[in-house]
1. Please go through region B:150-170 and give me each residue that is under 15 Å from B:Lys126 (Cα atoms) and exposed (fewer than 11 other Cβ atoms within 10 Å of the Cβ), ordered by number.
2. Here are the criteria: (1) closer than 20 Å to A:Pro243 by Cβ; (2) assigned to a helix (DSSP H, G or I). Tell me which single one A:Lys365 does not satisfy.
3. Please pick out the residue among A:Ile463, A:Ile473 that is closer than 18 Å to A:Leu379 by Cβ, of a type outside the set (Gly, Ala, Ser) and within 29 Å of the chain's Cα centre (by Cα).
4. Using the structure shown, decide if B:Glu69 is assigned by the TED database to the domain that holds B:Trp30 and assigned to a helix (DSSP H, G or I).
5. Mind checking which pairs have a first residue in region B:148-173 that is within 13 Å of B:Gln129 (Cβ to Cβ) and a second that is surrounded by 12 or more Cβ atoms within 10 Å (Cβ to Cβ) and modelled with pLDDT under 85, Cβ under 8 Å, 6 or more apart or different chains?
6. Quick one: what pairs do we get from region B:78-98, first residue at the interface with chain A (Cβ under 7 Å from one of its Cβ atoms) and on the phi > 0 side of the Ramachandran plot, second at pLDDT 90 or above and not in a helix (DSSP H, G or I), C-beta under 8 Å, 6+ apart or different chains?
7. Condition check: in a helix (DSSP H, G or I), open to solvent by less than 20 Å² (accessible area, probe 1.4 Å) and in contact with a helix residue (DSSP H, G or I) (Cβ under 8 Å, 6 or more places away or on another chain). Does A:Leu89 satisfy that?
8. For A:Gly528, indicate whether it is within 26 Å of A:Leu294 (Cα to Cα), part of a helix (DSSP H, G or I), outside the structural domain of A:Phe288 (by the TED database) and not hydrophobic (A, V, I, L, M, F, W, C).
Amino acid sequence: MDQSLVLSTFMLLTLATLSTPIIFPLLSDSLKNTPAIITSTVKTSFLISLVPMTIFIHSGTESLVFFWEWKYIMNFKIPISLKMDFYSLTFFPIALFVSWSILQFATWYMASDPYITKFFTYLLLFLIAMLILIISNNLFLLFVGWEGVGIMSFLLISWWHGRAEANTAALQAVLYNRVGDVGLILCMAWLASTMNTWEIQQATSTAPTPTLPLLGLILAAAGKSAQFGLHPWLPAAMEGPTPVSALLHSSTMVVAGIFLLIRMHPLFNNNPTALTLCLCLGAISTLFAATCALTQNDIKKIIAFSTSSQLGLMMVTIGLNLPQLAFLHISTHAFFKAMLFLCSGSIIHSLNGEQDIRKMGGLQKMLPTTTSCLTIGSLALMGTPFLAGFYSKDQIIESLSTSYLNTWALLLTLLATSFTAVYTMRMILLVQTGFVRIPPLTPMNENNPAILSPITRLALGSITAGFLITSYILPSKTPTMTMPPYIKMTAIVVTLLGIALALELSKLTQTLIRPKRNPFSDFSMSLGYFNPLAHRFATANLLGGGQKIASHLVDFSWYKLMGPEGLASLQLMMAKAATTLHTGLIKAYLGSFALSILLILLSTYQT
Amino acid sequence: VPLSAMAAYLTHQQKVLRLYKKSLRHLESWCIQRDKYRYFACLLRDRFDKNKDVKDMVKATALLKAGEEEFWASQHPQPYIFPDSPGGTSYERYECYKHPEWCLDFWHPSEKAMYPDYFAKREQWKKLQRESWEREIKQLQDETPADGPRTEALPPARKEGHLPPMWWHHVTRPREQPM
């Protein structure tokens with residue numbers, strides 16, 4: 001049997017199955033959508049997408065499907081082509097598995113919402129846009145998916161549109177993504193003008209690629225994946241409901257920027273400037289986000305900054321010229337990050353909307369499964385040996401330590417890894433252990449299959465995903481096999497140091513010492529002062545400068561000073577000087593008569 | 001409803017009590033463990049109690065001003081805010097409370113036709129409210145002591161066939177969450 005045909009058919013069948021809940025209600029009035037239908041549709045799609053992945057693992061078949069071609073102008077054609085290679089074939093089942101679990105969780109979380117079907121439809125539309133982005137081979141189709149996920153992100157963050165902060169956060173997300181889009185369009189324009197195609201297939205070049213389009217791609221990735229400079233939208237996006245945070249802002253949408261860089265990787269191969277830029281940008285992002293996460297008190301914000309930090313780590317991997325390793329980190333990260341968000345959602349709902357970890361404690365006895373899965377996810381995040389995060393994170397740190405690159409980036413990344421351990425331990429200690437700080441008489445019950453099965457399923461994924469993926473997929477670039485033991489143990493030693501620091505600090509907080517503010521904790525708690533500086537400084541200067549140009553330069557100078565008012569003030573000046581002579585004294589007037597007669601006589605005498 | 005009348009200015013007692021509550025809440029944001037918080041809260045209460053009997057208003061106002069400045073210097077950058085309070089995570093999440101019930105009278109007949117059962121009964125409820133209003137007010141006037149109400153709790157209906165006072169305001173109160 002023709003394996004690539006089966007492959008392509010099943011992938012297209014996956015996409016078609018996902019679009020049935022959107023299309024069928026439009027065709028007939030009796031086919032109404034329900035959350036349960038949408039959840040089972042995504043489950044079916046996941047099961048269907050396992051077939052192509054198995055075929056790929058078994059025989060390494062890849063496929064390129066080519067649809068209708070848009071003959072835009074004579075010599076520039078935009079084919080709608082889909083590429084089913086390792087990246088899309090592996091990411092489809094992972095994204096669908098995570099989405100299925102999140103949708104099942106959302107049937108419990110959003111049960112009291114009057115517009116729950118609309119919520120599920122939005123999530124489904126987002127998923128379709130994301131999968132189009134993953135599978136597309138043409139930058140045009142990728143852009144369609146890119147914008148699609150941006151729009152759905154906007155609609156979902158502002159789900160509770162009665163809140164002013166939610167609307168602000170949604171606008172922030174859209175604007176920051178837009179700034180990134182400028183970079184993507186720049187790269188598309190360059191590609192169209194030099195290679196006359198938008199096919200990613202044809203974007204290889206042996207000659208060194210000019211840096212400008214690669215800068216555009218890095219800007220696009222920075223906007224979508226919340227690297228430093230364009231990062232404030234990701235913590236603000238926690239205004240959306242927890243399923244939205246779990247699906248969009250941890251597993252799928254924010255990795256779209258990194259995925260773009262992975263797809264366009266052949267262009268980066270020959271340009272060391274761009275690679276170094278990725279490395280440094282990633283290192284700064286991961287350290288900055290980890291620093292900010294140290295003092296946050298909202299559980300969702302801690303996990304959001306953790307996502308931002310891991311995205312910086314993925315960017316570092318791209319900077320090391322290891323796209324497959326970055327993809328491995330994306331896949332393993334999806335599992336444990338989504339699980340962390342779902343556990344936090346379960347805790348939040350049980351505590352009746354409480355999101356502050358200062359008012360949580362001792363939940364281990366009351367929500368055993370949720371807190372166990374929280375611990376498993378946190379351990380996976382910290383890179384505990386042989387859990388999912390270890391396979392990707394440890395390899396990244398090893399490659400970073402053994403390559404001839406920026407030591408400064410290495411130090412930042414190691415510091416960020418230890419900070420990861422610190423804030424994760426802080427979160428676990430304050431949420432689960434210790435005495436209870438929640439209001440008394442809070443009835444909580446997690447014995448609902450809609451909560452327990454997604455969380456346990458994702459826990460299983462977090463434990464086994466790294467092992468399974470690395471056993472079946474061979475790396476395309478040989479990793480460094482031998483290195484001194486102190487380099488091999490760097491990541492784990494740094495993590496253990498972080499854990500020890502966190503335990504010491506927590507013991508310190510229990511002694512009777514007044515907590516004091518210091519510049520470091522202020523920097524961390526105000527998110528590096530970035531938000532007010534960037535948001536107010538830039539807009540105030542731009543708008544104020546524009547206003548000054550309009551009113552001072554145009555109105556005031558040109559229309560007034562150069563024109564009537566300038567003339568009038570000149571005249572006034574001269575008239576004022578002249579009025580000093582109008583004293584009213586006869587002698588002065590006689591003097592002026594005499595002076596004028598003298599002047600006339602002199603002038604006539606001259607001629 | 002017996003309202004606590006708000007004057008245009010705060011009394012010294014109100015200002016001191018507001019400072020005390022503010023500082024306790026920020027102390028709670030700083031000291032996460034409850035036993036540590038209780039220790040420092042007792043110390044804070046003792047500081048306030050030491051100056052409880054100062055009769056000289058100039059000294060008292062100076063102490064209050066010093067207290068406010070100390071609060072400003074040592075406040076928490078991310079104080080704990082209850083989820084439903086202004087600035088909290090659930091505040092204004094649903095828009096149910098923002099519209100009073102008399103807006104329903106201003107709907108267009110085509111919009112009212114979408115909910116025929118409700119609007120058919122609404123007129124009867126409004127008539128009932130108009131009829132029982134006098135009886136409710138009379139009951140409240142009879143039952144309130146001469147020098148003002150002691151509590152904000154409303155009495156139940158005393159006689160057969162009467163409705164409890166202010167029942168309409170309770171039934172049409174703003175919802176926290178949608179149906």
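1. The one that is under 15 Å from B:Lys126 (Cα atoms) and exposed (fewer than 11 other Cβ atoms within 10 Å of the Cβ): B:His170.
2. (1)
3. Working: A:Ile473 fails: closer than 18 Å to A:Leu379 by Cβ.
The match here is A:Ile463.
4. In short, yes.
5. Short answer, once both residue conditions are applied: B:Thr172/B:Glu101.
6. Sorted first by the residue in region B:78-98, then by its partner, the pairs are B:Glu92/A:Arg163.
7. yes
8. In short, yes.
The values are calculated or read from the model by the stated rules, or taken from the named source; none is laboratory data. This one's a predicted model, so the numbers in the text were calculated from it and none came from an experiment. Neighbour counts are summed over all protein chains in view; Cβ atoms, including those assigned to glycine, are modelled from backbone coordinates with ideal geometry. In case anyone asks, the SASA skips ligands and DNA or RNA and just uses the protein heavy atoms, side chains included. Shrake-Rupley method; radii C 1.70, N 1.55, O 1.52, S 1.80 Å.
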